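> Just passing along the structure, written as structure tokens.
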Amino acid sequence: MQTRDSQLRGKVAIVTGAGRGIGRAIALAYARQGAAVCCAARSMGQVQETAAQICAEGGRAIAVCTDVADFESVERMVREAEEAFGGLDIVVINAGVGGAQQSVEASDQQTWRTTIEVNLIGAYHCAKAAVPALKRRGGGKVIAVGSGLGQRGIAGVSDYACSKAGLWMLTRVLAQELAQHGISVNQLIPGPVVTQMTGDQMARNTFEGEWAKSPEDVAPLALFLATQPEPGPTGQNFSLMRRDT
Ligand SMILES: NC(=O)c1ccc[n+]([C@@H]2O[C@H](COP(=O)([O-])OP(=O)(O)OC[C@H]3O[C@@H](n4cnc5c(N)ncnc54)[C@H](OP(=O)(O)O)[C@@H]3O)[C@@H](O)[C@H]2O)c1
């Protein structure tokens, strides 16, 4: 049994991409602070496993099969979280794909389009579907998991970098639209984390000089952003990188 704290007692969170990697670590960390967590991704078995671990530790969680690229699926996710736990306070827009890892010239159009559809349009879907629920609660937090590559493009990652550059602009625009409603919107940049997404790149030592961290190392910043007072920071970028983002 994990130690249970109460920084998020009474709060309800949705974490997209909670089946593995960074999203799973954030979902577990929030639940250990008392939040009820809606764990969402396409692989139902993985999100069920995250939710089961939360429940086994004495927390509250549901697993929802969601494709963030599909707006109806995202609306269903928000509805299920509200119905299960009576509201929504925190949305972590974390679900993402790593992209083609190819030059523009070598890349294939469908992969490029899919990266944008998941990482950027998927984030837009999550925000659009969640905002009415956050307003019903009188405030809340939106945390977008971005990337340093969205600010500092490098060769061979055009689809991923463009999707995350767009996510950063969505964060800033949304923060201004929602400030008057007590909803803060910030971006969390994890820097390199050892997950399924980065396995190959870690093996090639692409991140020399960086802090190659575990998903659990990202959870304290996600918790910080979920527990700031209102008014608190909004439209800001919080990074765990060692280089300039
Ligand atoms: N790892 C890093 O070094 C790093 C660095 C900077 C930023 N990030 C960002 O951190 C986030 C999480 O990455 P990660 O490294 O934890 O990757 P990961 O281990 O591959 O996990 C990605 C999660 O997103 C879900 N997902 C992917 N496509 C989805 C879709 N269409 N609808 C719903 N869920 C979807 C995956 O589940 P399903 O495939 O089952 O749907 C999985 O649960 C991403 O946004 C990534 O860009 C990661």
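The values are calculated or read from the model by the stated rules, or taken from the named source; none is laboratory data. The structure displayed is predicted, hence computed values, not measured ones. Positions of Cβ are generated from backbone atoms using ideal geometry, with glycine treated the same way; all protein chains shown enter the neighbour counts.
> Name the single residue that is surrounded by the most Cβ atoms within 10 Å (Cβ to Cβ) among those in the range 8-27 being more than 21 Å from Glu83 (Cα to Cα) and of a type in the set (A, V, I, L, M, F, W, C).
Checked the range 8-27; the qualifying residue surrounded by the most Cβ atoms within 10 Å (Cβ to Cβ) is Ile26.
> Give the residue that is modelled with the lowest pLDDT, with candidates limited to residues of the range 122-164 that are surrounded by fewer than 18 Cβ atoms within 10 Å (Cβ to Cβ) and among the hydrophobic types (A, V, I, L, M, F, W, C).
Selected residue: Ile154.
> Related question: Which condition breaks for Ala155 when tested against (1) under 21 Å from Met241 (Cβ atoms); (2) within 16 Å of the ligand (Cβ to nearest atom)?
Every condition holds for Ala155 apart from (2).
> The conditions are (1) of a type outside the set (A, V, I, L, M, F, W, C); (2) farther than 20 Å from Val68 by Cβ; (3) modelled with pLDDT of 95 or more; (4) within 16 Å of the ligand (Cβ to nearest atom), and Gln187 fails exactly one of them. Which is it?
Unmet for Gln187, out of (1) of a type outside the set (A, V, I, L, M, F, W, C); (2) farther than 20 Å from Val68 by Cβ; (3) modelled with pLDDT of 95 or more; (4) within 16 Å of the ligand (Cβ to nearest atom): (2).
> I need a count of the residues in the range 53-94 that are within 16 Å of the ligand (Cβ to nearest atom) and in a loop (DSSP other than H, G, I, E, B).
6
> Can you give me the ranges of the helices (runs of 4 or more DSSP H) entirely in the range 149-245 with at least 2 residues that are under 16 Å from the mean Cα position of the chain (by Cα) and among the aromatic types (Phe, Trp, Tyr)?
In the range 149-245, 158-178 are the helices (runs of 4 or more DSSP H) which contain 2 or more residues that are under 16 Å from the mean Cα position of the chain (by Cα) and among the aromatic types (Phe, Trp, Tyr).
> Additional query: Determine, yes or no, whether Gly59 is under 19 Å from Leu223 (Cα atoms), surrounded by fewer than 24 Cβ atoms within 10 Å (Cβ to Cβ) and in contact with a Leu (Cβ under 7 Å, 6 or more places away or on another chain).
no
> Can you find, within the range 95-121, the residue that is surrounded by the most Cβ atoms within 10 Å (Cβ to Cβ) among those that are within 9 Å of the ligand (Cβ to nearest atom) and among the β-branched types (Val, Ile, Thr)?
Just the residues of the range 95-121 that are within 9 Å of the ligand (Cβ to nearest atom), to begin with: 95-99, 114, 117-119.
Going one step further and asking which of them are among the β-branched types (Val, Ile, Thr), we end up with 97, 114, 118.
Numbers: Val97: 18, Thr114: 17, Val118: 21.
Taking the candidates together, the pick is Val118.
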